[in-house]
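Bear in mind that the values in this text are calculations on the coordinates, not laboratory data. The structure presented is a predicted model; accordingly, all values stated were derived computationally and were not measured. Here the Cβ positions follow ideal geometry from the backbone for every residue, glycine too, while neighbour counts run over all protein chains shown.
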Amino acid sequence: MVTSWIVEHEADLNALKEAGYKAIASSLLKLHLYGSIESYSQYVKEIEINLEELENPSKITCKYVLKTLFKYSWNVPLHYFDFIRRPLYYTHPPLEFRIYKLFNEWKHVEREKGNGSTRPGEAFNDHG
């Protein structure tokens, strides 16, 4: 795991040099969001809709949709138990750690260049 994290860190630093902080941080966030959404795909596949009710659209109300989602949401915690029984091998450092390291490296490079402020609010404005 440590070797993999070191390799990921080096890849992040190379991407930072090539694309800049904004692009790499944005890409990492998008990948993280996609992975989170993808993990719920199994949950969505398990939701069953009553076909008879689909034939009568007037029965498909907001209340019906919420009731159906609530009914199947009880199964969501069960997916976490599957993860505990068969944990994944962590090949990548946590997102927060990666972005923190990238930001600090970007800030260090910007200071060496002598370019303006490196306040967190301005972190996504690449300077070149």
For labels at Lys59 and Ala11 in the simple 7 Å Cα→Cβ model, what's the distance in nm?
4.9
Excluding same-chain residues fewer than 8 positions from Lys45, which lysines have a Cα within less than 26 Å of its Cα?
Lys30, Lys59, Lys63, Lys67, Lys71
Along the Cα→Cβ direction, 7 angstrom out, place labels at Arg111 and Glu52. What is the inter-label distance in nm?
7.0
Can you quote the Å³ per residue value for the convex hull of the Cα atoms in the stretch 1-70, rounded to an integer?
143
